[in-house]
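Here is the structure we will look at, set down as structure tokens.
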Amino acid sequence: MNQIKKIYSILYKTFGPQGWWPMTPKNQLHPKHNGVKPKNDRQRFEIIIGAILTQNTSWKNVEKAIFNLNKSKLIEIDKIKKINLKKLASLIKPSGYYNQKAEKLKIAAEFFSKNKSPERQELLAVKGIGPETADSILLYAFQKPFFVIDAYTKRIFSRIGICKPDIKYEELQDKFQENLNKNIRVFNEYHALIVELGKQFCTKTPKCSNCPIKNYCKKF
DNA sequence: TACCAGGTCCTCG
DNA sequence: CGAGGACATGGT
């Protein structure tokens with residue numbers, strides 16, 4: 001087993017299934033990590049909204065914003081297209097960067113009302129959707145095999161010794177995609193597990209003593 | 001109090 | 001291209 005697969009198996013045994021992408025169950029207002037797959041435009045759009053709102057922001061803050069949107073029954077492409085920009089900004093305030101993000105949600109709503117199954121390249125051309133957001137949308141909303149790279153992924157795998165800290169997004173993504181089977185469930189779970197390891201152990205100043213993958217880290 | 005969090009865009013050299 | 005700054009709230 002290659003190192004990337006081995007680390008996946010350890011993380012999975014350590015943390016278990018993460019239930020991504022968190023979504024709001026029917027007739028509720030708060031998103032939950034229940035591992036439900038999106039099955040309609042409404043649910044895909046909630047994931048798209050979450051992927052934009054969580055840019056450089058903790059998920060806890062995004063949950064508050066999504067709660068506000070749910071309360072106002074706004075998680076629909078047409079509603080986001082029509083709502084007043086300032087009103088939208090005030091509702092998503094807890095997620096931070098709310099002026100920029102309100103604009104991004106508007107642009108995304110316009111885009112997804114015309115593109116029901118977008119290519120990666122098309123997503124990247126949308127203002128407000130960079131590589132991580134594009135891949136999150138492709139993987140979690142559309143169930144396509146794109147591995148999501150984020151700040152934790154670079155931090156963890158450069159510390160381990162698998163890449164340099166300044167490796168390019170697509171280069172690290174290729175490394176994962178080459179070393180894993182093209183399995184949506186694994187791509188889904190692995191990224192979520194990386195986030196969990198990053199939060200609990202591989203923090204800015206790492207807590208190495210009890211790290212579940214310390215034996216695979218170059219530091220040891 | 002300062003720093004950090006599931007990034008991206010814009011500007012400038 | 002790549003570096004540097006702006007964007008902003010809530011938790012520790």
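Summed over segment A:68-92, residues that are within 15 Å of DNA strand B (Cβ to nearest atom) and either under 17 Å from A:LEU29 (Cα atoms) or touching a strand residue (DSSP E or B) at 6+ places or on another chain (Cβ under 9 Å) (or both) total 1. So, A:LYS71, is that one basic (Lys, Arg) and within 16 Å of DNA strand C (Cβ to nearest atom) or not? Considered against the rule, which asks whether it is basic (Lys, Arg) and within 16 Å of DNA strand C (Cβ to nearest atom), A:LYS71 comes out as yes. Residues of segment A:5-52 that are part of a loop (DSSP other than H, G, I, E, B) and among the basic types (Lys, Arg): A:LYS26, A:LYS37, A:LYS39. Restricting segment A:118-140 to residues that are in a helix (DSSP H, G or I) and in contact with a Phe, Trp or Tyr (Cβ under 7 Å, 6 or more places away or on another chain), the residue that is surrounded by the fewest Cβ atoms within 10 Å (Cβ to Cβ) is A:ARG120.
Among the residues making up segment A:146-169, those that are outside any loop (DSSP other than H, G, I, E, B) and either in contact with a Pro (Cβ under 6 Å, 6 or more places away or on another chain) or among the aliphatic types (A, V, I, L, M) (or both) are A:ALA151, A:ILE156, A:SER158, A:ILE160, A:TYR169.
The set of residues in segment A:66-85 being free of Cβ contacts under 8 Å to residues at least 40 places away in the same chain and touching a helix residue (DSSP H, G or I) at 6+ places or on another chain (Cβ under 8 Å) consists of A:ASN68, A:LEU69, A:SER72, A:LYS73, A:LEU74, A:GLU76, A:ILE77, A:ASP78, A:ILE80, A:LYS81, A:LEU85. Taking the criterion of being farther than 19 Å from A:LEU197 by Cβ and within 15 Å of DNA strand B (Cβ to nearest atom), the residues of segment A:8-36 that qualify are A:MET23, A:THR24, A:HIS30, A:PRO31, A:LYS32, A:ASN34, A:VAL36.
Every number in this text was worked out from the coordinates using simple rules, so none of it is lab data. Quantities reported herein were computed from a predicted structural model and do not represent experimental measurements. Cβ atoms come from the backbone with ideal geometry, glycine included; neighbour counts cover every protein chain shown.
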